[in-house]
Amino acid sequence: MKKYLILCFILVISLTSANAQDKDSDHVCKTDTCCVDTPKFAPQKGDFTAAMVFGRGAYLNGGLVVPSTYGSVSGAAPYANDVDANSNDITNMVGAEGRYYIKNNFAVTLSGGAILRNTPYQLAIPAVTDANGALIIPAYQAVVADERVDVNVSIGGQWLFNTKNDRLFPYVGFALPFDYARRSQYDPTVTVDDQGNANIVDLGARHVDITAFGIQAVAGVDYYLAKDIFFGFDIKPISYSYAFSVKTPGPGLYDLEADTNTVSFFAQFSFKLGFKF
């Protein structure tokens with residue numbers, strides 16, 4: 001419910017601003033020079049647009065399973081989880097997109113986002129008891145080191161087309177996406193049994209990395225609510241992605257590698273709310 005309220009708030013603010021700008025742009029000109037300054041909705045060479053992107057997340061982290069300390073190393077291969085048949089949410093903000101128009105009808109694009117998390121490890125502290133076994137200071141468990149990285153970047157180009165509606169601008173283009181994801185864990189716990197035998201959980205970090213890149217066709221449409229505010233939709237008519245993962249269960253151990261190819265048709269869409277500068 002909170003996501004829907006936020007989205008509705010953004011739309012209301014945009015529509016209110018659009019209405020105000022339209023009133024300014026629709027005033028009656030008293031002189032010929034006034035009419036020359038009437039706002040144009042079409043982007044021009046040198047314009048820059050910035051948009052919030054909503055939809056299914058573009059972070060590729062399917063199959064990102066850290067090897068376990070005990071047991072076998074997971075054989076889960078990487079997969080393009082940003083392509084899904086049934087789970088898409090237009091209220092989910094997934095990143096941002098910028099476009100710079102080097103021509104009136106062509107723009108270079110840059111979009112993406114990043115999430116970085118890091119939890120440093122802390123050593124365990126054993127309990128302290130008195131001669132009778134009564135607890136004086138409780139034991140403190142170790143803090144497991146946890147590193148998480150999710151990055152997606154896409155560069156491309158888009159050709160803009162004019163229509164009979166001076167607010168509506170369809171476009172086609174291409175995108176070259178790059179994705180990187182990493183999960184790393186290290187448990188510094190060391191225990192000693194009654195016989196004095198030490199048990200070391202991890203000798204070093206266990207981690208898994210996924211790297212992916214591909215190429216996509218892009219088709220979409222922008223509708224300008226005002227001269228500097230627009231919303232739009234786009235879809236990927238065809239998309240190809242190659243992803244490979246490397247799992248390292250510990251220092252000096254053999255890495256497990258896997259790769260996946262993904263081709264999709266009309267399976268990725270996004271909603272945009274943006275501004276022109």
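Restricting segment 235-254 to residues that are outside any loop (DSSP other than H, G, I, E, B) and among the hydroxyl-bearing types (S, T, Y) leaves a set whose member that is farthest from F266 (Cα to Cα) is T248. The single condition among (1) surrounded by 12 or more Cβ atoms within 10 Å (Cβ to Cβ); (2) modelled with pLDDT of 90 or more that A124 does not satisfy is (2). Checked against (1) modelled with pLDDT under 95; (2) buried (at least 20 other Cβ atoms within 10 Å of the Cβ); (3) of a type in the set (G, A, S), G156 passes all but condition (1). Here D194 meets each of (1) modelled with pLDDT of 95 or more; (2) outside any strand (DSSP E or B) with one exception, condition (1). I'd like to check something: does segment 71-84 contain any residue that is surrounded by fewer than 16 Cβ atoms within 10 Å (Cβ to Cβ), at pLDDT below 85 and more than 26 Å from V151 (Cβ to Cβ)? Yes, segment 71-84 contains a residue that is surrounded by fewer than 16 Cβ atoms within 10 Å (Cβ to Cβ), at pLDDT below 85 and more than 26 Å from V151 (Cβ to Cβ). The test for being assigned to a loop (DSSP other than H, G, I, E, B), closer than 20 Å to S245 by Cβ and not hydrophobic (A, V, I, L, M, F, W, C) does not hold for N132.
If I filter segment 127-153 down to residues being surrounded by fewer than 16 Cβ atoms within 10 Å (Cβ to Cβ) and of a type in the set (S, T, N, Q), which single residue comes out as farthest from I102 (Cα to Cα)? Per the stated criteria, the residue is N132.
Conditions (1) in contact (Cβ under 8 Å) with a residue 24 or more places away in the chain; (2) within 23 Å of D150 (Cβ to Cβ); (3) under 28 Å from the mean Cα position of the chain (by Cα); (4) loosely packed, with under 15 Cβ neighbours inside 10 Å, marked per residue:
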{"position": "P177", "(1), (2), (3), (4)": "yes, yes, yes, no"}
{"position": "V190", "(1), (2), (3), (4)": "yes, no, no, yes"}
{"position": "D193", "(1), (2), (3), (4)": "no, no, no, yes"}
{"position": "D209", "(1), (2), (3), (4)": "yes, yes, yes, no"}
{"position": "K247", "(1), (2), (3), (4)": "yes, yes, yes, no"}
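Scanning segment 250-270 for residues that are crowded, with 20+ Cβ neighbours inside 10 Å and over 18 Å from A212 (Cα atoms) gives a single hit, S270. In the set G71, G157, only one residue is free of Cβ contacts under 8 Å to residues at least 60 places away in the same chain, part of a strand (DSSP E or B) and out of contact with any helix residue (DSSP H, G or I) (no Cβ under 6 Å at 6 or more places or on another chain); that residue is G157.
The values are calculated or read from the model by the stated rules, or taken from the named source; none is laboratory data. Bear in mind the structure is a predicted one, so any value in this text is a computation, not a measurement. Backbone-built Cβ (ideal geometry, glycine too); neighbour counts: all protein chains shown.
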